[in-house]
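Trainee: My structure is below; once you've seen it, I'll send some questions.
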Amino acid sequence: MLLSSSLSKLVFIVISGPDAVGSRGCCGDAQETKRTYASDGNAFAMDCNRCEEEAIMHAAYSGAHLCADHFRESVEKRVRRRVRRDDLVPHDVTPENPQTWVIGLSGGKDSVVLTKILHDTFAADPRIELVGLTIHEGIEGYRDKSLEACVDLTDDLGIRHEVVSYEEEFGVRMDDVVEDDPENMAACAYCGVFRRDLLSKYADELEADLLLTGHNLDDEAQSALMNFLEGDVEQMAKHFDASLGPLSERDEQDEFVPRAKPLRDVPEKEVALYAHVNDLPAHITECPHSSEAYRGEIQQLLYGLEENHPGTRHSILSGYEELAGILSDEFSGDDGADLQECVECGSTTTREVCRKCSLLESLV
Ligand code: SF4
Ligand SMILES: [Zn+2]
Ligand SMILES: [Zn+2]
């Protein structure tokens with residue numbers, strides 16, 4: 001089901017609260033149940049705060065009521081501000097020596113919205129070249145559909161698009177991995193290892209300067225809270241250096257292409273609404289193997305907190321980023337592990353044989 005049709009009856013949504021259901025996997029594609037107000041029940045209809053038009057959304061955390069145009073503008077502004085604050089465009093980049101930004105494009109609402117906004121921001125800027133990279137995990141009835149959305153979007157925007165699959169790269173399909181399950185693990189535990197490996201490999205092959213993913217505010221607030229609750233301070237420092245901190249403040253990581261998440265100031269529901277009002281070809285079916293039980297629990301906890309205390313996700317994430325920056329300084333130059341090349345595939349790892357190769361070995 002395409003997002004545009006699934007939300008066609010959406011008239012007015014309140015951006016807060018636990019009215020989205022379902023735990024999510026990696027891909028930001030969880031199904032949501034929207035709190036909608038029918039056009040005949042105008043009890044909540046209000047004008048936009050910035051013009052005379054009728055508001056289509058209310059953000060409880062800011063108090064804003066916005067019409068479609070001002071809502072669009074507000075989302076785009078937040079993404080562009082994040083690109084600036086994270087120093088993603090180096091000061092010395094030139095049209096003669098442009099940067100290649102590879103976007104992990106799953107076809108879900110998050111990566112589709114990120115791709116669209118980055119395209120609109122940089123289409124006329126010869127210093128930045130965008131490439132969409134889609135990974136096909138081999139999940140029947142799921143990735144084929146979202147791949148269509150990726151192809152439609154990149155055709156429409158005129159962006160280079162590359163597709164790689166677990167089957168071609170590793171000789172496995174996630175549907176079969178779930179059946180075999182030699183390590184007695186959740187599907188996402190295998191899939192996440194394979195995905196990270198391919199993203200890194202193709203970011204290198206495409207000579208990417210930056211690898212961008214469509215993590216939204218909910219995703220990042222969940223990850224922050226999980227790291228807090230697990231007491232994993234070293235992981236917080238790594239999170240800052242790998243993808244959260246401004247590029248100029250990160251501890252150098254020569255072995256890896258830097259990552260960035262410029263959509264992380266935008267709540268999940270606003271990403272969905274943005275995809276809808278722009279009629280973007282986003283695909284929202286949830287992965288049938290989605291199995292991150294702990295993240296699902298944290299997600300529900302955050303919905304409740306946000307409902308009762310609007311703004312909780314923002315404050316968790318901003319406090320976390322500040323703390324992660326301090327921890328990055330603290331752990332600077334001390335990554336706690338010697339990196340080496342995997343003897344099987346040559347990728348950078350802390351072990352003799354990398355995790356991907358040992359998982360593939362167990363699947364033979
Ligand atoms: S199994 Fe599905 S939800 Fe889990 S990481 Fe893979 S694609 Fe994402
Ligand atoms: Zn307006
Ligand atoms: Zn390996």
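The values are calculated or read from the model by the stated rules, or taken from the named source; none is laboratory data. Everything numeric in this text was worked out from a predicted model, so none of it was measured. With ideal geometry, Cβ positions are generated from the backbone for all residues, glycine too; neighbour counts draw on all protein chains shown. These area figures cover heavy atoms from the full protein model, side chains too; ligands, DNA and RNA do not enter into them. Shrake-Rupley method; radii C 1.70, N 1.55, O 1.52, S 1.80 Å.
Trainee: When only residues in the stretch 315-364 that are among the hydroxyl-bearing types (S, T, Y) and touching a residue at least 60 places away in the same chain (Cβ under 8 Å) count, which is nearest to E167 (Cα to Cα)?
Mentor: Filtering first and then ranking leaves S362.
Trainee: Let me ask something else about it. Restricting to the stretch 44-79, name every residue that is free of Cβ contacts under 8 Å to residues at least 40 places away in the same chain and either part of a helix (DSSP H, G or I) or on the phi > 0 side of the Ramachandran plot (or both).
Mentor: F44, G63, D69, H70, E73, S74, K77
Trainee: Ok, one more. Could you please find all residues in the stretch 58-72 being within 11 Å of ligand 2 (Cβ to nearest atom), closer than 21 Å to I117 by Cβ and of a type outside the set (K, R)? Before you say what the answer is, go through the steps one by one.
Mentor: Within the stretch 58-72, the first condition is being within 11 Å of ligand 2 (Cβ to nearest atom), and the residues that meet it are 64-72.
Then drop every residue that is not closer than 21 Å to I117 by Cβ, which leaves 64, 66-72.
Hits for the stretch 58-72 are A64, L66, C67, A68, D69, H70, F71.
Trainee: To continue, here is another question. Which condition breaks for S318 when tested against (1) open to solvent by 20 Å² or more (accessible area, probe 1.4 Å); (2) in contact with a helix residue (DSSP H, G or I) (Cβ under 7 Å, 6 or more places away or on another chain)?
Mentor: (2)
Trainee: Separate question: Which of the following residues is crowded, with 19+ Cβ neighbours inside 10 Å, polar (S, T, N, Q) and either at pLDDT 90 or above or within 16 Å of ligand 1 (Cβ to nearest atom) (or both): T312, T349? First the steps, then the outcome.
Mentor: Details: T349 fails: either at pLDDT 90 or above or within 16 Å of ligand 1 (Cβ to nearest atom) (or both).
On inspection, the qualifying residue turns out to be T312.
Matching residues to (1) at pLDDT 95 or above; (2) under 29 Å from H161 (Cα atoms):
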site	(1), (2)
E183	no, no
G192	no, yes
D197	no, yes
D218	yes, yes
N227	no, no
A237	no, no
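Trainee: So, in the stretch 163-186, exactly how many residues are open to solvent by 60 Å² or more (accessible area, probe 1.4 Å) and closer than 19 Å to H283 by Cα?
Mentor: Final tally of qualifying residues: 1.
Trainee: So, in the stretch 187-208, how many residues would count as being among the charged types (D, E, K, R) and open to solvent by less than 60 Å² (accessible area, probe 1.4 Å)? Can you show your working first?
Mentor: Step one: filter the stretch 187-208 for residues among the charged types (D, E, K, R), giving 195-197, 201, 204-205, 207.
Now drop any that are not open to solvent by less than 60 Å² (accessible area, probe 1.4 Å), which leaves 195, 197.
Here the count works out to 2.
Trainee: From the list T312, T285, T350, pick out the single residue that is within 16 Å of ligand 3 (Cβ to nearest atom) and either within 17 Å of F228 (Cβ to Cβ) or of a type in the set (S, T, N, Q) (or both).
Mentor: On the way: T312 fails: within 16 Å of ligand 3 (Cβ to nearest atom); T285 fails: within 16 Å of ligand 3 (Cβ to nearest atom).
On inspection, the qualifying residue turns out to be T350.
Trainee: So D87 ticks every box in (1) crowded, with 17+ Cβ neighbours inside 10 Å; (2) in contact with a Pro (Cβ under 7 Å, 6 or more places away or on another chain); (3) acidic (D, E) but one. Which box is left unticked?
Mentor: (1)
Trainee: Now for a separate question. Only one of (1) part of a helix (DSSP H, G or I); (2) closer than 27 Å to F71 by Cα fails for K238. Which number is that?
Mentor: Checking K238 against (1) part of a helix (DSSP H, G or I); (2) closer than 27 Å to F71 by Cα, the one that fails is (2).
Trainee: Considering every residue within the stretch 288-296, establish whether at least one is over 26 Å from D144 (Cα atoms), away from ligand 1 (no atom under 16 Å from the Cβ) and not hydrophobic (A, V, I, L, M, F, W, C). If you could, list the steps in order and put the result at the bottom.
Mentor: First pass over the stretch 288-296, keeping only residues over 26 Å from D144 (Cα atoms): 294.
Applying the additional criterion that residues be away from ligand 1 (no atom under 16 Å from the Cβ) yields none.
Within the stretch 288-296, not a single residue is over 26 Å from D144 (Cα atoms), away from ligand 1 (no atom under 16 Å from the Cβ) and not hydrophobic (A, V, I, L, M, F, W, C).
Trainee: For the stretch 248-269, which positions are open to solvent by less than 80 Å² (accessible area, probe 1.4 Å) and at pLDDT below 85?
Mentor: So the first thing to find is which residues in the stretch 248-269 are open to solvent by less than 80 Å² (accessible area, probe 1.4 Å), and the list is 250-251, 253, 257-269.
Passing the criteria: D251, Q253.
Trainee: Looking at L280, is it surrounded by fewer than 23 Cβ atoms within 10 Å (Cβ to Cβ) and in a loop (DSSP other than H, G, I, E, B)? Let's see the steps before the verdict.
Mentor: Values: surrounded by fewer than 23 Cβ atoms within 10 Å (Cβ to Cβ): yes; in a loop (DSSP other than H, G, I, E, B): yes.
In short, yes.
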